[in-house]
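The values are calculated or read from the model by the stated rules, or taken from the named source; none is laboratory data. Note that the structure is a prediction, hence the values are computed from the model and not measured. FYI the Cβ positions are ideal-geometry reconstructions off the backbone, even for glycines, and counts take in every protein chain you see.
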Amino acid sequence: MDEIDNDLIFSSLIKINYDKRFIRTAQNFIENLSRLAGADKKEISQVTLLIEECLAFIIDKYLDSRMAAHIEILFKVTSDKKICVDITDIGPPIHESMIPLFDVLDKTSEAGLWYKVVQGLSDRFVFVNKLGSGWLIQFEKYLDNLVFVAGTKDGMEKSPARKNKASGEKHIRPATVDDIPALIDLAYMTYRYSYVFPDFYDRDLLEKYISQKIYDIMVTECDLKVIGAYAIKYMDEDHLCGEVGAAMIAPEYRSGDAIGLIVGGVEAYIRNNPYHCDFFVASAVTSHVRSQKSLAKVGYGFKPFMIFLNMVSKPEFIGIEHQSGGREAGLYVYHLNQEVKIGTLYITDGKHRDIIDELLAYTGKNPCILAEFLEPENLQSQVAVARTDIAGFTTIVFEAVGQDWFSVLTKTVLTEIASGIESIKLAIPASAPLPFNMEKKLNDLNFVFCGLSMRSLDKIDLAYCMTIRPVDFSLIKLYDPVAQKLLMYIERDYCACVQRAKT
């Protein structure tokens with residue numbers, strides 16, 4: 001069963017405790033929605049029995065406090081006349097091969113009766129190992145007659161906003177705190193509540209960032225209405241580097257000249273560089289290449305440095321044909337305003353030299369790349385951890401690599417995964433020789449080399465990433481040829497890591 005169904009008609013979600021007293025509540029939920037979809041009495045009876053058997057199995061094996069955790073039940077109906085149900089389980093692992101084959105003459109096989117029942121009642125039944133996120137039990141049931149009629153796609157055809165004319169004089173200007181309500185509305189109209197960074201839903205944060213010049217937000221207006229925006233985010237008041245992002249355009253204005261106006265505004269800002277920052281960076285989406293193409297044409301061109309696999313949950317782009325759901329890779333692209341100032345770059349493995357050479361060819365200077373190793377003199381490592389809970393990813397930066405680097409990293413990774421983090425980016429300073437065998441140990445933790453990350457013009461890190469979910473490389477769309485080559489390189493290492501984990 002896919003993470004997202006392109007032919008989804010409707011879906012609904014319920015949470016219950018790990019307590020059998022709630023099974024009837026879940027059955028009522030499934031029964032009512034199945035009837036709404038057009039299921040007949042026999043089909044409703046089968047689906048409600050399916051959910052009862054699955055929940056009894058999940059609850060019986062649960063070990064911890066039953067009222068302190070929840071089971072999520074996601075009910076979906078698709079246009080191919082199919083009911084799909086996903087049931088989460090954070091209980092003990094499920095070993096399908098150890099479920100006995102039920103035999104009415106063999107009393108020792110009674111534990112396999114529920115499994116035989118659900119397989120017979122469903123058209124498809126699977127267990128899915130979500131690794132650090134537990135398990136999913138998924139089943140499907142085909143309906144003889146689907147009677148539920150879906151509304152118009154995304155509700156956009158009936159939305160009053162779609163009827164507005166996109167014509168009118170447009171101009172771009174700096175945002176003020178008075179624009180904050182309009183910016184929050186614009187984020188909703190562009191992404192609903194799927195935008196992975198919460199800034200544009202939070203009035204207090206936006207007011208703080210605008211007032212302190214941490215964010216330079218430019219808005220596009222048409223007839224006094226805010227119809228678009230983009231932001232340059234600075235990490236601190238030093239304005240060493242700026243992050244270009246948060247580009248938003250109201251759906252009804254995307255077919256006009258608003259997009260060109262925003263791209264032109266970004267171009268003017270980058271060339272003007274009001275705070276004289278050393279470089280700009282952007283994390284471009286990889287579910288489509290439109291934003292990548294625009295960034296490649298701005299200024300001297302944003303160039304690829306890193307691909308962060310499964311970085312964030314895919315946002316919902318309202319009014320754009322786009323597969324949301326699952327996770328999306330982030331393509332980090334940089335616009336250097338000066339040449340890099342690094343003479344030597346130390347790497348963990350000589351095999352990375354060629355791809356690093358290609359990435360750095362854009363910078364105007366090619367540092368000497370050495371695969372030389374030296375055990376750290378310092379006993380203790382120092383790491384900085386930045387967690388983005390809403391997006392489910394963490395960035396770990398080695399501020400200092402000590403003799404205990406592997407144990408420190410392992411402990412940090414396990415802590416992050418236990419907290420619900422799904423993907424991790426790791427930055428390792430490349431300004432001095434690194435420990436011998438570091439590459440192998442990183443691979444043992446499922447980290448793969450994914451490019452370079454810049455702290456400043458004279459400090460470049462080696463970037464690695466890991467993800468607890470499998471990566472579908474076919475869904476990563478890239479525009480730049482070097483980015484495409486980097487992705488192929490990452491895929492080879494990733495597949496090798498997966499293969500080693502199986503053996």
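Only one of LEU295, LEU309 is at pLDDT 90 or above, in a helix (DSSP H, G or I), surrounded by 22 or more Cβ atoms within 10 Å (Cβ to Cβ) and not assigned by TED's automatic domain parsing to the domain that holds ASN366; which?
None of the others qualify; the one that does is LEU295.
Which of the residues spanning region 55-67 are in a loop (DSSP other than H, G, I, E, B), touching a residue at least 40 places away in the same chain (Cβ under 8 Å) and among the aliphatic types (A, V, I, L, M)?
Scanning region 55-67 gives a single hit, MET67.
Looking only at region 458-503, count every residue that is among the hydroxyl-bearing types (Ser, Thr, Tyr) and under 17 Å from the mean Cα position of the chain (by Cα) and tell me the total.
Result for region 458-503: 3.
Residue-wise test of (1) within 18 Å of PRO367 (Cα to Cα); (2) crowded, with 22+ Cβ neighbours inside 10 Å.
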{"position": "SER419", "(1), (2)": "no, no"}
{"position": "ALA430", "(1), (2)": "yes, yes"}
{"position": "ASN437", "(1), (2)": "no, no"}
{"position": "PHE447", "(1), (2)": "no, yes"}
{"position": "LEU452", "(1), (2)": "yes, yes"}
{"position": "ILE468", "(1), (2)": "no, no"}
{"position": "TYR479", "(1), (2)": "no, no"}
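Looking only at region 187-205, decide whether some residue is surrounded by fewer than 19 Cβ atoms within 10 Å (Cβ to Cβ), touching a helix residue (DSSP H, G or I) at 6+ places or on another chain (Cβ under 9 Å) and of a type in the set (Lys, Arg).
Within region 187-205, one or more residues are surrounded by fewer than 19 Cβ atoms within 10 Å (Cβ to Cβ), touching a helix residue (DSSP H, G or I) at 6+ places or on another chain (Cβ under 9 Å) and of a type in the set (Lys, Arg).
Would you please name the residue that is surrounded by the most Cβ atoms within 10 Å (Cβ to Cβ), looking only at residues in region 378-402 that are aliphatic (A, V, I, L, M) and under 13 Å from the mean Cα position of the chain (by Cα)?
Once the filter is applied, the top-ranked residue is ALA391.
So in region 325-340, with the set limited to residues that are surrounded by fewer than 18 Cβ atoms within 10 Å (Cβ to Cβ) and over 21 Å from LEU359 (Cα atoms), which one is modelled with the highest pLDDT?
Per the stated criteria, the residue is GLY326.
Being at pLDDT below 95 and out of contact with any Gly (no Cβ under 6 Å at 6 or more places or on another chain), is that true of even one residue in region 406-413?
No.
For region 11-26, give me each residue that is of a type in the set (A, V, I, L, M, F, W, C) and either farther than 21 Å from ARG124 by Cα or part of a helix (DSSP H, G or I) (or both).
ILE14, ILE16, PHE22, ILE23, ALA26
So ASP80 passes all but one of these: (1) surrounded by fewer than 14 Cβ atoms within 10 Å (Cβ to Cβ); (2) without any contact (Cβ under 8 Å) to a residue 60 or more places away in the chain. Which condition number does it fail?
It is condition (2) that ASP80 fails.
One line per residue, one yes/no per condition, for (1) among the aromatic types (Phe, Trp, Tyr); (2) over 30 Å from MET235 (Cα atoms); (3) in contact with a helix residue (DSSP H, G or I) (Cβ under 7 Å, 6 or more places away or on another chain):
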{"residue": "PHE447", "(1), (2), (3)": "yes, no, no"}
{"residue": "ILE460", "(1), (2), (3)": "no, no, no"}
{"residue": "ARG469", "(1), (2), (3)": "no, no, no"}
{"residue": "ILE476", "(1), (2), (3)": "no, no, yes"}
{"residue": "TYR479", "(1), (2), (3)": "yes, no, yes"}
{"residue": "VAL482", "(1), (2), (3)": "no, no, yes"}
{"residue": "MET488", "(1), (2), (3)": "no, yes, no"}
{"residue": "CYS495", "(1), (2), (3)": "no, yes, no"}
{"residue": "LYS502", "(1), (2), (3)": "no, yes, no"}
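Only residues that are among the aliphatic types (A, V, I, L, M) and modelled with pLDDT of 95 or more: list them for region 483-503, please.
ALA483, LEU486, LEU487, MET488, ILE490
What single numbered condition from (1) touching a residue at least 24 places away in the same chain (Cβ under 8 Å); (2) aliphatic (A, V, I, L, M); (3) not in a helix (DSSP H, G or I) fails to hold for ALA384?
(1) is the only condition that ALA384 fails.
Got a sec? Which of VAL128, VAL118 is part of a helix (DSSP H, G or I), modelled with pLDDT of 85 or more and in the same structural domain as SER34 (by TED's automatic domain parsing)?
Result: VAL118 is the single residue among VAL128, VAL118 that is part of a helix (DSSP H, G or I), modelled with pLDDT of 85 or more and in the same structural domain as SER34 (by TED's automatic domain parsing).
Taking the condition of being at pLDDT below 90 and assigned to a strand (DSSP E or B), how many residues in region 277-292 meet it?
Adding up the residues that qualify gives 1.
Output the number of the condition that ALA229 fails; it satisfies all remaining conditions of (1) part of a helix (DSSP H, G or I); (2) modelled with pLDDT of 90 or more; (3) small (Gly, Ala, Ser).
(1)
Answer with yes or no whether VAL244 is touching an Asp or Glu at 6+ places or on another chain (Cβ under 7 Å), surrounded by 18 or more Cβ atoms within 10 Å (Cβ to Cβ) and either in the same structural domain as PHE302 (by TED's automatic domain parsing) or on the phi < 0 side of the Ramachandran plot (or both).
So VAL244 fails the test.
Which pairs do you get when a residue that is not assigned by TED's automatic domain parsing to the domain that holds SER79 and assigned to a helix (DSSP H, G or I), found in region 27-40, comes within reach of a residue that is of a type outside the set (D, E, K, R) and surrounded by fewer than 22 Cβ atoms within 10 Å (Cβ to Cβ), reach meaning Cβ atoms under 8 angstrom, with the pair 6+ apart or on two chains?
The qualifying pairs do not exist here.
For the subset of region 1-29 comprising residues that are touching a strand residue (DSSP E or B) at 6+ places or on another chain (Cβ under 6 Å) and under 21 Å from GLN119 (Cα atoms), which member is modelled with the lowest pLDDT?
My answer is MET1.
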